[in-house]
1. Could you list all residues from the stretch 226-249 that are β-branched (Val, Ile, Thr) and under 16 Å from GLN156 (Cα atoms)?
2. Do the conditions hold for ALA146, that is, is it without any contact (Cβ under 8 Å) to a residue 60 or more places away in the chain, within 17 Å of VAL36 (Cβ to Cβ) and not β-branched (Val, Ile, Thr)?
3. What pairs come out if I take residues in the stretch 199-220 that are within 16 Å of GLY43 (Cβ to Cβ) and pair them with residues that are open to solvent by 50 Å² or more (accessible area, probe 1.4 Å) and among the β-branched types (Val, Ile, Thr) whose C-beta lies under 9 Å away, six or more apart or interchain?
4. Please verify whether the stretch 72-82 includes one or more residues that are open to solvent by less than 50 Å² (accessible area, probe 1.4 Å), of a type in the set (Lys, Arg), touching a residue at least 40 places away in the same chain (Cβ under 8 Å) and closer than 17 Å to MET206 by Cβ.
5. Going through the stretch 1-24 one residue at a time, which ones are in a loop (DSSP other than H, G, I, E, B) and either closer than 27 Å to MET85 by Cα or touching a residue at least 60 places away in the same chain (Cβ under 8 Å) (or both)?
6. Is it true that some residue in the stretch 3-25 is over 27 Å from VAL102 (Cα atoms) and surrounded by fewer than 23 Cβ atoms within 10 Å (Cβ to Cβ)?
7. Restricting to the stretch 209-249, name every residue that is more than 16 Å from GLU163 (Cβ to Cβ), among the hydrophobic types (A, V, I, L, M, F, W, C) and buried (at least 21 other Cβ atoms within 10 Å of the Cβ).
Amino acid sequence: MATLVTFHAHPDDECIVTGGVMRKAFEEGHRVVLVVATRGEAGVVPDDLAEGEELWQRRVVETHASADLLGVARVEFLGYRDSGMMGDELNGQPGTFWTADVEEAAQKLAAILVEEDAQVFTTYDSFGGYGHPDHIQAHRVGMRAAELAGTPAVYQGMVRESEFREAFRFADMEEPPPLGEGAVPESQINVGVDVTKYLEVKRKAMRAHASQISEQSFFLSLDEPTFAHAFGTEWFIREGHGPATELDL
């Protein structure tokens, strides 16, 4: 049995980017650990929050529900605040993940990697997939933490933009704008894991984040074939290695 640690910026990122490989690892008998940098304080505030309930509390509950579906044995939050989208006034506020000292945050994450004796670790590519400041910071912190911990297999998760856009066209939806300057080219992807066997549970994990992923959202409004096309393979970069179709578990 090996240990897979996945590192994400916000609640719900785990099921979108790595939900399939997490469930796959669990079903193959491996230990799966989820670490989340923030509690998603800057997300969509739902209408049904109870009196006195804060968004982050709801999102923590949703994360644990998603984690249970994906076979996660341990969930940890690093305790930073959500920085909002790039250019948001939240970006520079003290306590946000974007303003965190990379070395300090990496040491927190590395301690978990060492404690778990993680053989495999996932974070984000250098652009954070789509340029979100917390995702970019997750790359910086994640890569440094893996270096400090000596984690042998490190994978940088990313969305394959061409497939994502194709799904929008299949669904007859307006395409998002290009990712822009700094986006990591698809040519750098060298690992693609087929997770079609786990798409039902991946979709259930998305539904567990009901405050952020509604039935009308892009993710859940897709029909099954289009959803499979968009999310049936999870893509990664593993530096210094050739093409692969599995994580090194």
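The values are calculated or read from the model by the stated rules, or taken from the named source; none is laboratory data. What you are looking at is a predicted structure, and each value in this text was computed from that prediction instead of being measured. Here the Cβ is made from the backbone with ideal geometry for all residues, glycine too, and neighbour counts use every protein chain on show. Ligands, DNA and RNA are stripped out before the accessible areas are found, and what is left, the full protein with its side chains, is counted by its heavy atoms. Shrake-Rupley method; radii C 1.70, N 1.55, O 1.52, S 1.80 Å.
1. First pass over the stretch 226-249, keeping only residues β-branched (Val, Ile, Thr): 226, 233, 237, 245.
Residues satisfying the conditions are THR233, ILE237, THR245.
2. Numbers: without any contact (Cβ under 8 Å) to a residue 60 or more places away in the chain: yes; within 17 Å of VAL36 (Cβ to Cβ): yes; not β-branched (Val, Ile, Thr): yes.
Yes, satisfied.
3. SER211/VAL44; SER211/VAL45; GLN212/VAL44; SER214/VAL44
4. Start the filter on the stretch 72-82 by keeping residues that are open to solvent by less than 50 Å² (accessible area, probe 1.4 Å), which leaves 72, 74-75, 77-80, 82.
Next, from what is left, pick out any that are of a type in the set (Lys, Arg): 74.
Then keep just the ones that are touching a residue at least 40 places away in the same chain (Cβ under 8 Å); that gives 74.
Checking which are closer than 17 Å to MET206 by Cβ leaves us with none.
No - not one qualifying residue is present in the stretch 72-82.
5. Here is the first cut: in the stretch 1-24, the residues in a loop (DSSP other than H, G, I, E, B) are 1-2, 9-12, 18.
Matches in the stretch 1-24: ALA2, ALA9, HIS10, PRO11, ASP12, THR18.
6. No: zero hits.
7. Within the stretch 209-249, ILE213, LEU247 meet the criteria.
Yes/no matrix, rows are residues, columns are (1) more than 18 Å from GLY240 (Cβ to Cβ); (2) more than 19 Å from the chain's Cα centre (by Cα); (3) open to solvent by 10 Å² or more (accessible area, probe 1.4 Å):
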{"position": "ALA138", "(1), (2), (3)": "yes, no, no"}
{"position": "ALA146", "(1), (2), (3)": "no, no, no"}
{"position": "TYR155", "(1), (2), (3)": "no, no, no"}
{"position": "PHE168", "(1), (2), (3)": "yes, yes, yes"}
{"position": "MET173", "(1), (2), (3)": "yes, yes, yes"}
{"position": "PRO177", "(1), (2), (3)": "yes, yes, yes"}
{"position": "VAL184", "(1), (2), (3)": "no, no, yes"}
{"position": "SER187", "(1), (2), (3)": "no, yes, yes"}
{"position": "ASN190", "(1), (2), (3)": "no, no, yes"}
